[in-house]
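In what follows, a structure is listed as structure tokens, so that the remarks can point back to it.
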Amino acid sequence: MEKVIEEQKQGTSLILDQQENNTKKLFIESYGCQMNFSDSEIVASILANEGYNTTQNLEEADLVLVNTCSIRDKAEQTIRKRLEKYNAVKSINPSMKVGVLGCMAERLKSKFLEEEKIVDMVVGPDAYKDIPNLLKDVGEGRDAINVILSKEETYGDIAPVRLNSNGVTAFVSITRGCDNMCTFCVVPFTRGRERSREPQSIMEEIKDLHQRGFKEVTLLGQNVDSYLWYGGGLKKDYDKATDIQKATAVDFAQLLDMCATSFPKMRFRFSTSNPQDMHDEVIHVMAKHHNICKYIHLPVQSGSTRILHEMNRQHTREEYMDLVDRIYKIIPKISLSQDMITGFPTETEEDHQDTLSLMEYVKYDFGYMFAYSERPGTMAARKMEDDVPEVVKKRRLQEIVDLQQRIAMERTKRFVGDTVEVLIEKTSKRSDEHWSGRNSQNTTVVFPKENYKVGDFVLVKVSDCTSATLIGEAVGYSEMQ
Ligand code: SAH
Ligand code: F3S
């Protein structure tokens, strides 16, 4: 039997799905992208069937799992520190077992078990269903490792346990892996080839969320625009699909349209879009449905065509600008965000200026900016020297961060005076008397609570703003309520 336990932790309400008969305790932590957080919910679900309930308390755990990120060296260093911490706890509680999941497990494979002896179990992103068997190996003192990447696994048949949930917003994964082979990126190696999840299982997961009162779903994938389900396996094998498979194939625009039409009282977001795969059809579907949020995370990585080419991104600066023009034309009020890498090998001052000018052109609402970090095994690491000095990378990074902040401020201001639709997610961090939520464009909005509650869709008249937050007052429910 399932019951919902509410816990107060650092001021946020955590709703944890717990099975009453489960006696063992799982402590699970996630680092990195949203996909990792979503995968941890699948792992928690698999382990719920093995007698584990989740705990927030490391000291009382029977099993500690960390879902890891390899995207930059710094991410891996953070996880190494956590592993040290777990091992310190383990020295007091030797029956506790420690497992590494995700990208770092895939990248380092048996190295964790052989050389370092700091973990009991190593599981790659496509092997989570094998965890019950691996735990038996651990119990019997054998090395427990499975880092086999799959052509088919999408975990479509597993209903995730929602971890740390506000009960209102949830992630639903729609694709796994990535075929793009950007030269700087470790993801194609750690998460394998791209495959899409069956639409039926996506719709069922959303239906279940809807029935449980959730109001917003973010469709997740390394490259959602490339979603293509045809009843086969890998995206790259689509050429070999039968005529029937091709006739019944579903692409991302169709999936988005199905979601928005089937669940008119839920709103939808998606992440991440790759410019080379983002077709106008998707923009038109977004424009057609009020309940598809008007926000696209559209990483570009650099504003220089030469660097984009070196990165194996399949578009030029001009093509990206054309895409942005079309998006703004079809949906004038949309917000866009970027990922940017500064100091990629051979990046000159001129390339850097191209990045700054592209940012001025696009006017991103948000941005996630990183200094290049060489990843072993990637094409850039094999073929190019990491030749931009650290001080130069840092200075250029600071320049793009400063510019993004200035642009974001201007972008936030554009909503002052407007009435925006907000889904209430939680109490504002700054004030117990205010709700916090986001508008369609993903900007945070805070306003007095009055009689509204978490999960309500309200219209908020915006009177003021800080650099990243809109401040206003609710004027009633929206049509989504
Ligand atoms: N398509 C993916 C991208 C994952 S990586 C997604 O779903 O978001 C997230 C971001 O990390 C990338 O867009 C890129 O800006 C950054 N990144 C990837 N590899 C990097 C590296 N080697 N050094 C610095 N930043 C990197
Ligand atoms: Fe990485 Fe490029 Fe795919 S950034 S996740 S290889 S789109």
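The values are calculated or read from the model by the stated rules, or taken from the named source; none is laboratory data. It should be emphasised that the depicted structure is a prediction, and the values quoted were computed from it without experimental measurement. For neighbour counting, all protein chains shown are included, and Cβ atoms are generated from backbone atoms with ideal geometry for every residue, glycine included. To get the accessible areas, we keep the full protein, side chains included, count just its heavy atoms, and leave off ligands, DNA and RNA. Shrake-Rupley method; radii C 1.70, N 1.55, O 1.52, S 1.80 Å.
Can you find a residue in region 227-242 that is modelled with pLDDT of 95 or more and under 17 Å from the mean Cα position of the chain (by Cα)?
So far as region 227-242 goes, yes, one or more of its residues are modelled with pLDDT of 95 or more and under 17 Å from the mean Cα position of the chain (by Cα).
Scan (1) within 30 Å of residue 210 (Cα to Cα); (2) more than 26 Å from the chain's Cα centre (by Cα) for the single condition residue 420 breaks and write down its number.
With respect to (1) within 30 Å of residue 210 (Cα to Cα); (2) more than 26 Å from the chain's Cα centre (by Cα), residue 420 is out only on (2).
Restricting attention to region 285-303, which residues are open to solvent by 20 Å² or more (accessible area, probe 1.4 Å) and touching a Lys or Arg at 6+ places or on another chain (Cβ under 7 Å)?
294, 295
Considering region 317-329 alone, what residues qualify as being open to solvent by 40 Å² or more (accessible area, probe 1.4 Å) and among the hydroxyl-bearing types (Ser, Thr, Tyr)?
Within region 317-329, just 328 meets the criteria.
Tell me, which residue of region 332-346 that is in a loop (DSSP other than H, G, I, E, B) and open to solvent by less than 10 Å² (accessible area, probe 1.4 Å) is farthest from residue 408 (Cα to Cα)?
345
Can you tell me which of 126, 137 is away from ligand 1 (no atom under 16 Å from the Cβ), open to solvent by less than 60 Å² (accessible area, probe 1.4 Å) and without any contact (Cβ under 8 Å) to a residue 24 or more places away in the chain?
137
Restricting to region 239-268, what's the tally of residues that are surrounded by fewer than 16 Cβ atoms within 10 Å (Cβ to Cβ) and either in contact (Cβ under 8 Å) with a residue 24 or more places away in the chain or of a type outside the set (A, V, I, L, M) (or both)?
Counting residues in region 239-268 that are surrounded by fewer than 16 Cβ atoms within 10 Å (Cβ to Cβ) and either in contact (Cβ under 8 Å) with a residue 24 or more places away in the chain or of a type outside the set (A, V, I, L, M) (or both) gives 11.
Show me the helices (runs of 4 or more DSSP H) found entirely inside region 151-250 where at least 1 residues are within 16 Å of ligand 2 (Cβ to nearest atom) and touching an Asp or Glu at 6+ places or on another chain (Cβ under 6 Å).
187-191
Just to be sure, is residue 358 open to solvent by less than 30 Å² (accessible area, probe 1.4 Å), more than 30 Å from residue 106 (Cα to Cα), part of a helix (DSSP H, G or I) and within 16 Å of ligand 2 (Cβ to nearest atom)?
It is false that residue 358 is open to solvent by less than 30 Å² (accessible area, probe 1.4 Å), more than 30 Å from residue 106 (Cα to Cα), part of a helix (DSSP H, G or I) and within 16 Å of ligand 2 (Cβ to nearest atom).
Output the residues belonging to region 169-195 that are surrounded by fewer than 23 Cβ atoms within 10 Å (Cβ to Cβ), within 12 Å of ligand 1 (Cβ to nearest atom) and of a type in the set (S, T, N, Q).
Result: 180, 183.
Yes or no: residue 386 open to solvent by 30 Å² or more (accessible area, probe 1.4 Å) and not in a loop (DSSP other than H, G, I, E, B)?
No, not satisfied.
Among (1) open to solvent by less than 50 Å² (accessible area, probe 1.4 Å); (2) within 12 Å of ligand 1 (Cβ to nearest atom); (3) more than 30 Å from residue 260 (Cβ to Cβ), there is one condition residue 374 misses while meeting the rest; what is its number?
Residue 374 satisfies every listed condition except (1).
Please find, within region 260-292, the residue that is nearest to ligand 1 (Cβ to nearest atom) out of those that are in a loop (DSSP other than H, G, I, E, B) and within 27 Å of residue 187 (Cα to Cα).
Among them, the one singled out is 272.
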